[in-house]
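First the structure, in the form of structure tokens, and then the observations on it.
The values are calculated or read from the model by the stated rules, or taken from the named source; none is laboratory data. Because the structure is predicted, anything quoted here is derived from the model rather than measured. With ideal geometry, Cβ positions are generated from the backbone for all residues, glycine too; neighbour counts draw on all protein chains shown. We work out accessible area using only protein heavy atoms, side chains counted, and drop any ligands, DNA or RNA first. Shrake-Rupley method; radii C 1.70, N 1.55, O 1.52, S 1.80 Å.
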Amino acid sequence: MVAAAATATTANPLTCSLFPSQGLRGTTSGLQWTKRQCTRKASALTVTAKFELKPPPYPMNALEPQMSKDTFEYHWGKHHRAYVNNLNKQIEGTELDDMSLDDVVLITYNKGDPLPAFNNAAQAWNHEFFWESMKPGGGGKPSGELLQLMERDFGSFDKFVEEFKSAAATQFGSGWAWLIYKANRLDVGNAVNPCPSEEDKKLVVVKSPNAVNPLVWDYYPLLTIDVWEHAYYLDFQVMFINRRPDYISIFMERLVSWDAVSARLEVARARAAEREIEEARKRKEEEEGNFADKEPAEIFIDGVADDSETD
């Protein structure tokens, strides 16, 4: 998603940064942030990872009249920019600094007890995904495997559209609606589904509040719509009238990039298959390890005596 840029600087002074008091690769429950002094040699070349504000994949006025240049300059230029800038400030000098944005989102979600950087990390991820979910001359109807799965999992494309619009319209307050690919994974300690069928792997519509996105639920996002008010109010300003449904309809009918959604579906299914293979390999290694750890059992055969017994 958001690209990480390496910035080379010549650092002379001593600096103090924030570091997690425990490793982020394991559990993050009860994570505390403490100051630790960092020393650098004079004139040492340091590399600082920074997330960049990536522009939309089309000019700011390319989606007009459905989405105006004013909305883009406000939404991308102010809100998206603030999320990226604030994220960089929050993670600078921490173990999060050299991680991918996906990993930062997952780790800072902290199993539902978000760490300080989560909101900015997730919103930076969500917005870039949102821009890439649209294209000039978008909308219409998908084709190929995506359409087939929609018809299988929702009954028809029209029923999918109805469910997606409903999720977006009924998301209370700020948030997002999503089309996701669910590989039927059960994230609990005593439940494993090692061999889900193709029917178990399905397309599902979900909605999420505020900055939350489906990555934290172990789903593969395919499409999203931003239903925070700043996403549409400049283009749909009517006093005391809720225009969110109109914005959602225009998004589905004129803006969605089904090419992008189809490409994401292909990647999601490939990753799910790779994950199943890797987990099967790990289970096999564990089973073989457990078998090797067992002591060989002694075998006694009735009716056969050794030489000492026959003397």
Exercise. Are there any pairs with C-beta distances below 7 angstrom linking a residue in the stretch 147-160 that is under 19 Å from Asp259 (Cα atoms) to a residue that is among the acidic types (Asp, Glu), with the two at least 6 apart or on different chains, and if so which?
Worked result: Phe157/Glu151
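When you look at Lys182, is it open to solvent by 10 Å² or more (accessible area, probe 1.4 Å), basic (Lys, Arg), under 18 Å from Ile250 (Cα atoms) and touching a residue at least 24 places away in the same chain (Cβ under 8 Å), yes or no? Reasoning before the result, please.
Numbers: open to solvent by 10 Å² or more (accessible area, probe 1.4 Å): yes; basic (Lys, Arg): yes; under 18 Å from Ile250 (Cα atoms): no; touching a residue at least 24 places away in the same chain (Cβ under 8 Å): yes.
Judged against the criteria, Lys182 is not a match.
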Seminar exercise, completed: The lone condition Ala260 fails out of (1) modelled with pLDDT of 80 or more; (2) open to solvent by 30 Å² or more (accessible area, probe 1.4 Å) is (2)
Problem set entry | Residue that is farthest from the chain's Cα centre (by Cα) [pool: residues in the stretch 34-86 that are modelled with pLDDT of 50 or more, exposed (fewer than 15 other Cβ atoms within 10 Å of the Cβ) and over 19 Å from Trp125 (Cα atoms)] | Pro65
Exercise. What number goes with the only condition from (1) aromatic (Phe, Trp, Tyr); (2) assigned to a loop (DSSP other than H, G, I, E, B); (3) modelled with pLDDT of 90 or more that Tyr181 does not pass?
Worked result: (2)
Seminar exercise, completed: For the stretch 247-261, pairs from a residue that is in contact (Cβ under 8 Å) with a residue 40 or more places away in the chain to a residue that is in a helix (DSSP H, G or I) and of a type outside the set (A, V, I, L, M, F, W, C), with Cβ under 6 Å and 6 or more apart or across chains, are Ile248/Lys165
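Taking the conditions exactly as written (modelled with pLDDT of 90 or more, open to solvent by less than 60 Å² (accessible area, probe 1.4 Å) and over 15 Å from the mean Cα position of the chain (by Cα)), does Ile107 satisfy them or not? Quick ask: steps written out before the conclusion?
Values: modelled with pLDDT of 90 or more: yes; open to solvent by less than 60 Å² (accessible area, probe 1.4 Å): yes; over 15 Å from the mean Cα position of the chain (by Cα): no.
Against the criterion (modelled with pLDDT of 90 or more, open to solvent by less than 60 Å² (accessible area, probe 1.4 Å) and over 15 Å from the mean Cα position of the chain (by Cα)), Ile107 does not qualify.
Does Pro214 satisfy the condition of being farther than 14 Å from Leu265 by Cα, modelled with pLDDT of 90 or more and open to solvent by 20 Å² or more (accessible area, probe 1.4 Å)?
On the way: farther than 14 Å from Leu265 by Cα: yes; modelled with pLDDT of 90 or more: yes; open to solvent by 20 Å² or more (accessible area, probe 1.4 Å): no.
No, not satisfied.
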Exercise. What's the number of the condition Arg269 fails, among (1) assigned to a helix (DSSP H, G or I); (2) at pLDDT below 90?
Worked result: (2)
Exercise. Do we find that Asp102 is in contact (Cβ under 8 Å) with a residue 60 or more places away in the chain, surrounded by fewer than 20 Cβ atoms within 10 Å (Cβ to Cβ) and more than 14 Å from the chain's Cα centre (by Cα) in this structure?
Worked result: no
Problem set entry | Any hit, the stretch 90-98, residues being within 30 Å of Phe251 (Cβ to Cβ) and among the small types (Gly, Ala, Ser) | no
